[in-house]
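The next block holds one structure in the form of structure tokens; read it before the comments.
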Amino acid sequence: MELTPNISLAEYSTLRVGGTAKGLFVVEREEDVAVALKEAAQLGARAVIIGDGSNSYFGDGAHDDLILIRMAIKGLELRPSPIEGKVLTAGAGEEWDAVVTRAAEEGLWGVESLAGIPGTVGAAPIQNIGAYGTEVGDIIEAVEVYDRKKDEIRGIPARLCAFGYRSSIFNMTERDRYVIIRVRFWLHKKLRRQLPKEVVIPEGSEATPAEIGRQIRLIRAAKLPDPHESPNCGSFFKNPVVTTVRAKELLVAFPEMPQFPASDGVKLSAAWLIERAGFKGKSWGNVSVSTKHALVLETNGKASAAEVTQAVDEIRDGVQALFSIELAPEPNFFS
Ligand SMILES: Cc1cc2nc3c(=O)[nH]c(=O)nc-3n(C[C@H](O)[C@H](O)[C@H](O)COP(=O)(O)OP(=O)(O)OC[C@H]3O[C@@H](n4cnc5c(N)ncnc54)[C@H](O)[C@@H]3O)c2cc1C
């Protein structure tokens, strides 16, 4: 494993934003995780773990103190679960959608609603990726990690991962402690939940994981800009959760405001707030709010992090001024 020196960080973010870094290690074997981390430390650099960069962007300028560690550990292995269904173990460097495709090929349920989400397997538990009523934490059995604190590889069962809305121990209480090496998914022979309301199964035909995945991918392609055409990192803000009292007050002032029940209050649509505050389609030089989806910030591939920050600040200020609600960004920013 060799260090590739002087890399362009923008190439490792689907938003295409970032200056340069000291170098890059590509990790293909679990034993190389510790080696890469130690070498980065010896070179006096901080190590940032990266997958496909579809939820990350970087600061402008030269980061001579930063080394990227790109997770490329492969492998998709299926074995029977002692309880029911099958357990699929996937390497951190596999594409997330490869898990969805493999499950569909085997006729197994659990991940079909998460079809088409960009990124790697290793990043999926970090913010507990979710879409169409499913979160990945719902079907994770355990996460295999390298523990930087204890210098050991071990498994963490899902119940200890504290999965919540776009959160887990990996981006909250134990941020930066663990490098995810593999994830074990528990997949089922039968559908265990309601189908997403967006999919249509014609009368007389049977729903299959492959068909649900196919429809979800089509819905997503129609709704979201493709990062290969318009660089973006998906939803730029989390949907805010407010108390039921506050939700009622907001409904009085804005009767058409969409609201959804959440375990800890009422979830609002950040896209609706941003659109209502007048930002859909607005541009700041090389950065703009997508005309397709108000939650997505796009660049033209030439944007600076400073321009992104300006857009983010203006959107947050505008939403705060109109609704007294604070928006929290979803992507990870490495300055
Ligand atoms: C068009 C588009 C649509 C999207 N739709 C959705 C959606 O519907 N739902 C959703 O939840 N997200 C969505 N996202 C966000 C993104 O796809 C997910 O967050 C995805 O999990 C990021 O994977 P990645 O490999 O690109 O992560 P990266 O951006 O490379 O990394 C994300 C974070 O995880 C850390 N990390 C990455 N790999 C590891 C590892 N192996 N061990 C430890 N830490 C690691 C990084 O340090 C960083 O903090 C979307 C993004 C795009 C561009």
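The values are calculated or read from the model by the stated rules, or taken from the named source; none is laboratory data. Since this is a predicted model, take the numbers as computed values, not measurements. Cβ: placed from backbone, ideal geometry, glycine included. Neighbour counts: every protein chain shown.
Brief remarks on what is shown
- Matching residues, region 136-170, being part of a helix (DSSP H, G or I) and of a type in the set (A, V, I, L, M, F, W, C): Val136, Ala158, Leu160
- Scoring Ala47 on the criteria (1) surrounded by fewer than 22 Cβ atoms within 10 Å (Cβ to Cβ); (2) in contact with a His (Cβ under 9 Å, 6 or more places away or on another chain); (3) aliphatic (A, V, I, L, M) leaves a single failure, condition (2).
- Sole residue being more than 16 Å from the ligand (Cβ to nearest atom), surrounded by 16 or more Cβ atoms within 10 Å (Cβ to Cβ), closer than 27 Å to Phe163 by Cα and not basic (Lys, Arg), chosen from Leu224, Leu268, Leu250: Leu268
- Any chance Glu30 is acidic (Asp, Glu), without any contact (Cβ under 8 Å) to a residue 40 or more places away in the chain and either buried (at least 20 other Cβ atoms within 10 Å of the Cβ) or not assigned by TED's automatic domain parsing to the domain that holds Phe236 (or both): no
- If you go through region 171-190 and keep only what is assigned to a loop (DSSP other than H, G, I, E, B) and either within 28 Å of Ala104 (Cα to Cα) or free of Cβ contacts under 8 Å to residues at least 24 places away in the same chain (or both), you end up with Met172, Thr173, Glu174, Arg175, Lys189, Lys190.
- Residue list for region 68-77, filter: on the phi < 0 side of the Ramachandran plot and within 14 Å of the ligand (Cβ to nearest atom): Leu68, Ile69, Arg70, Met71, Ala72, Ile73, Lys74
- Residue that is surrounded by the fewest Cβ atoms within 10 Å (Cβ to Cβ) [pool: residues in region 283-297 that are part of a loop (DSSP other than H, G, I, E, B) and touching a residue at least 60 places away in the same chain (Cβ under 8 Å)]: Lys292
- Residue check, Val35 in contact (Cβ under 8 Å) with a residue 24 or more places away in the chain, part of a helix (DSSP H, G or I) and more than 13 Å from the ligand (Cβ to nearest atom): yes
- Selection count where residues are of a type in the set (Gly, Ala, Ser), within 12 Å of the ligand (Cβ to nearest atom) and surrounded by 18 or more Cβ atoms within 10 Å (Cβ to Cβ), scope region 132-144: 1
Residue by residue, here is whether (1) in a strand (DSSP E or B); (2) out of contact with any helix residue (DSSP H, G or I) (no Cβ under 7 Å at 6 or more places or on another chain) holds:
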position	(1), (2)
Ile49	yes, yes
Asp60	no, no
Asp64	yes, yes
Leu68	yes, no
Lys74	no, yes
Ala90	yes, no
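- Conditions (1) over 23 Å from Tyr132 (Cβ atoms); (2) assigned to a loop (DSSP other than H, G, I, E, B); (3) of a type outside the set (D, E, K, R); (4) touching a helix residue (DSSP H, G or I) at 6+ places or on another chain (Cβ under 9 Å); number of the one not met by Leu195: (1)
For (1) modelled with pLDDT of 95 or more; (2) within 26 Å of Ala36 (Cα to Cα); (3) within 11 Å of the ligand (Cβ to nearest atom), each residue gets a yes or a no:
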| site | (1), (2), (3) |
| --- | --- |
| Lys86 | yes, no, no |
| Ala104 | yes, no, no |
| Pro118 | yes, yes, yes |
| Tyr165 | no, no, yes |
| Ile169 | yes, yes, no |
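- Screening Asp147, Asp65 for residues that are among the acidic types (Asp, Glu), at pLDDT 95 or above and within 14 Å of the ligand (Cβ to nearest atom) leaves exactly one candidate, Asp147.
- Boolean, Asn300 is modelled with pLDDT of 95 or more, within 16 Å of the ligand (Cβ to nearest atom), surrounded by fewer than 18 Cβ atoms within 10 Å (Cβ to Cβ) and polar (S, T, N, Q): yes
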